[in-house]
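Worksheet for the structure shown next.
What follows is calculated from the coordinates using simple rules that are stated; it is not laboratory data. Worth saying up front: this structure is predicted, and the values here are computed from it rather than measured. FYI the Cβ positions are ideal-geometry reconstructions off the backbone, even for glycines, and counts take in every protein chain you see.
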Amino acid sequence: MATKKRKAGKKAAKKSAKKAVKSQVRRTAAKKTRAKRKPSAAFMKPMTPTDVLASIIGNKPMPRTEVTKRVWDYIKKNKLQDVIKRTMINADEKMRELFGGKKQVSMFEMTKFINKHLK
C-alpha cells in the first residue's frame with residue numbers, strides 16, 4: 001500500500017517538473033520574439049517653452065519628457081510637494097503663474113498646465 005502511494009507521488013512530481021520546464025521554454029521563446037519598445041516620436045519632438053515655463057526649466061527647446069523631468073527637479077529642490085497629500089503640488093510665485101493662479105494643483109493637473117505652455 002505504501003509503495004503505491006510513493007509511486008503516485010513520484011508520478012505527480014514528474015508531471016509538475018515537466019510542466020515547469022514547458023512553461024520556462026514558452027517564456028524564453030516569448031522574450032526572444034518580443035521587440036524592444038521604441039519611444040513615441042511625439043514625446044521626443046523638441047518643444048519651445050513659453051517665458052513663464054522658461055523661468056523654471058530654461059528656454060532651450062526640449063522634449064516633453066525632459067520638460068516634465070526638469071519641472072519635477074524644481075519641485076523637489078524647492079520642496080513644493082505637499083507633505084500630507086503627496087499627489088498635490090503647492091505653488092510658489094513662479095509655479096503660480098504656470099498653474100493659472102492656483103495655489104495648489106494635483107500632479108495630473110500639472111501636466112495639463114505644462115502642455116499649455118509648450119509650443
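A few remarks follow.
- Computed on the stretch 41-116, the Cα convex hull volume stands at 80 Å³ per residue.
- Ranked by the mean number of other Cβ atoms within 10 Å of their residues, highest first, the peptides 92-105, 73-86 come out as 92-105, 73-86.
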